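The values are calculated or read from the model by the stated rules, or taken from the named source; none is laboratory data. Because the structure is a prediction, the values reported are computed rather than measured. Quick reminder, even Gly has a Cβ in these numbers, built from the backbone with ideal geometry, and neighbours come from all protein chains shown. Heads up: the accessible areas ignore ligands, DNA and RNA and are worked out on the full protein's heavy atoms, side chains in. Shrake-Rupley method; radii C 1.70, N 1.55, O 1.52, S 1.80 Å.
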Amino acid sequence: AIIADTAAVIAAGMQVAELKALCASHLPRVAAGPCAVIGAGRRTNRLDAALLNGTAGVWQDYDEGNLFMRGHPGIQLIPAAIACAEERKAAGADLLMAVAVGYEACGRVSSASQMKQIIHPHGTFGTIGAAIAAARLTGFDVRHIRGLINLAASIHMANNRHAMLHGGTIRNWGAGYSGYMGQMAVSLAEAGFAAAPDALNTVYASVLGDAFDPLKMVEGLGSRWLLTDGYIKLYPTGRYSHAAMDALIDLLERQPGRRLDPQAVARIEVKTFRLGAMLDVKTVKSVFNTRFSIPFALASIIYHGRCGPDCFEEAAVANPVIQALAQRTDVAEDPGLEACYPREQIADLAIHLTGGQVLRGRCEVMRGEPGNPHDPRDLERKFYDLTGPVLGRPSSERLYEGLMSLER
């Protein structure tokens, strides 16, 4: 399901103007190859396919993630794994295994680290996952895997997390970077390059992070698979906004007609965990900004009476009613709720109406987490909604059937 979802968000993201322009300028300058640039109708070499697909896959912030890993492992390593599998004509079962072990490797590194808050996870631990997946699929000598991990850990980027709050789409480049540089780490290892023997500890305890616990990294290794702790999104926004959005959607379902008049809302108060409280931007100026603003998300959901991709597009950004309601929305961190995170992802919502009434909502575990799973039909619907306009329904159905039965 994660591989299928990743392919769908890549296909949709590849349709934005920036990705079309990047493909047009970049592909003629690089080596040819058999690997799909998903949604572009083009093929290229495996390094550049991973670079473009990874970047496209995070553009709408609709991709898979993992709260316990504090980031998005799938989109950083799956494009590299798919490209390597295409080049080698690998079996589907081999692709699944490469994704599973790559996810586990980078997930355990991330879980054991205390990464600096300012650094966005795209372009960090994903280089390790992409390297492991590529190594598995390209015949890399497994005796040298420790050296490969240290090499992959030595070529991370440090992307400013605040960029996404201000419309900085450079943040999206980090996911493509991981897929490209993870494969480069394999080439460097094969050529005899070497990293410091304690690269993991140095990078995560001193460079990107403030602490690293190697014992936590291997805790439960072989018995607990981090892949099962991940989530798949049904809202095209930053994951940390979903608790407040879930609280609002549950609240609206209890209202007559499942609607609220935006003009009847005097103000909205949200209390949540720290990473959610970071998404407190009230003034949204672009579509990309909408992905990382709880005030805008709540205002747009109230205005539309639902939560669909169009609630975060140009027309919503230009809507004065939505913008005005976002200005009347305050988001704050609650220390008690932060103490529960990530085991619980709590948001408390209070909507103050102009007549004095207060409507309250609460989310404790976000939809899509292992403790509150999605209906599989919703995930299938998302796949077709994203791929249908790009590929057409018949091709989308064939693709979905194939991706959901890779083991065969």
Original post:
How many percent of the accessible area of segment 332-408 is carbon or sulfur, using a 1.4 Å probe?
Top reply: 50 percent
Subject >> Leading residue at positive end of dipole, the chain (Cβ point charges), from Ile38, Val265, His352 >> reply: Ile38
Subject >> Residue among Gly71, Ser113, Gly57 farthest towards the positive dipole end of the chain, charges placed on Cβ >> reply: Gly57
Original post:
If we count every other residue with Cβ under 15 angstrom of Ala17's Cβ, Lys/Arg +1 and Asp/Glu -1, where does the sum land?
Top reply: -2
Subject >> Relative compactness, segment 251-338, computed as alpha-carbon Rg over 2.2 N^0.38 Å >> reply: 1.06
**OP:** Collect residues whose amide H, placed 1.01 Å from N in the peptide plane, falls under 5 Å from the amide H of His120; neighbours closer than 5 in sequence don't count.
**Re:** Asn159, Asn160, Arg161
**OP:** Report, to the nearest whole %, how much of the accessible area of segment 76-199 belongs to carbon and sulfur atoms, 1.4 Å probe, protein only.
**Re:** 58 percent
Original post:
When the helices in the chain are scored as -39500 (n - 2.57) per DSSP H run of 4 or longer and the sum is shared across all residues, what 222 nm value do you end up with, to the nearest 500 deg cm²/dmol?
Top reply: -14000 deg cm²/dmol
Original post:
When the gyration tensor of the chain is built from Cα positions, what are the square roots of 5 times its three eigenvalues, in whole Å, from largest to smallest?
Top reply: 36, 24, 19
**OP:** Write down the accessible area per residue of segment 251-401 in Å², having rolled a 1.4 Å probe over the full set of protein chains.
**Re:** 48 Å²
Original post:
Residues with beta-carbon under 14 Å from that of Ile118, excluding Ile118: net charge, scoring Lys, Arg +1 and Asp, Glu -1?
Top reply: +4
Original post:
Within straight cross-link reach of Lys116, meaning Cα distance under 30 Å, which lysines are found once same-chain residues fewer than 8 apart are removed?
Top reply: Lys216, Lys233, Lys271, Lys282, Lys285
Subject >> Nearest 10 degrees, 0 to 90: helix 393-403 Cα axis against the chain principal axis >> reply: 60 degrees
**OP:** Starting from the Cα gyration tensor of segment 293-408, multiply each eigenvalue by 5, take the square root, and state the resulting semi-axes largest first in whole Å.
**Re:** 34, 22, 11
**OP:** Over the Cα atoms of segment 128-221, compute the convex hull volume and normalise it per residue, giving Å³.
**Re:** 116 Å³
Original post:
Which value, in Å², gives the accessible area per residue of segment 12-62 when a 1.4 Å probe is used on the protein heavy atoms?
Top reply: 38 Å²
Subject >> For segment 90-131, Kirkwood radius (reciprocal of mean inverse C-alpha pair distance, Å) >> reply: 11.2 Å
Subject >> For segment 251-268 versus segment 281-321, the gap between their alpha-carbon centres in whole angstrom >> reply: 16 Å
Original post:
Mind listing the Cα extents of segment 1-92 along all three principal axes, in Å, largest one first?
Top reply: 39, 33, 17
Original post:
If you place +1 on the Cβ of every Lys and Arg, -1 on the Cβ of every Asp and Glu, and leave all else neutral, what size is the dipole of segment 1-95 about its Cα centre, to the nearest 20 Debye?
Top reply: 340 debye
Subject >> Contact order normalised by residue count of segment 269-373, Cα under 8 Å, 6+ apart, percent >> reply: 32 percent
**OP:** Heads up, I need the accessible area for Leu215: 1.4 angstrom probe, whole protein in place, Å², nearest 10.
**Re:** 140 Å²
Original post:
Over the chain, what relative contact order in percent results from Cα pairs under 8 Å that are six or more residues apart?
Top reply: 17 percent
Original post:
Of Ile322, Pro309, Leu391, whose Cα points farthest to the positive end of the dipole of segment 296-408 (charges on the beta-carbon: +1 Lys, Arg; -1 Asp, Glu; origin at the Cα centre)?
Top reply: Leu391
**OP:** Mind pulling the angle between the C-alpha long axis of helix 17-26 and the longest principal axis of the chain? Nearest 10 degrees, somewhere in 0 to 90.
**Re:** 20 degrees
Original post:
Suppose every K and R has +1 on its Cβ and every D and E has -1 on its Cβ; what is the size of the dipole of the chain about the Cα centre, in Debye to the nearest 20?
Top reply: 480 debye
**OP:** Can you tell me the 0 to 90 degree angle between the C-alpha axis of helix 173-190 and the longest principal axis of the chain, rounded to 10?
**Re:** 20 degrees
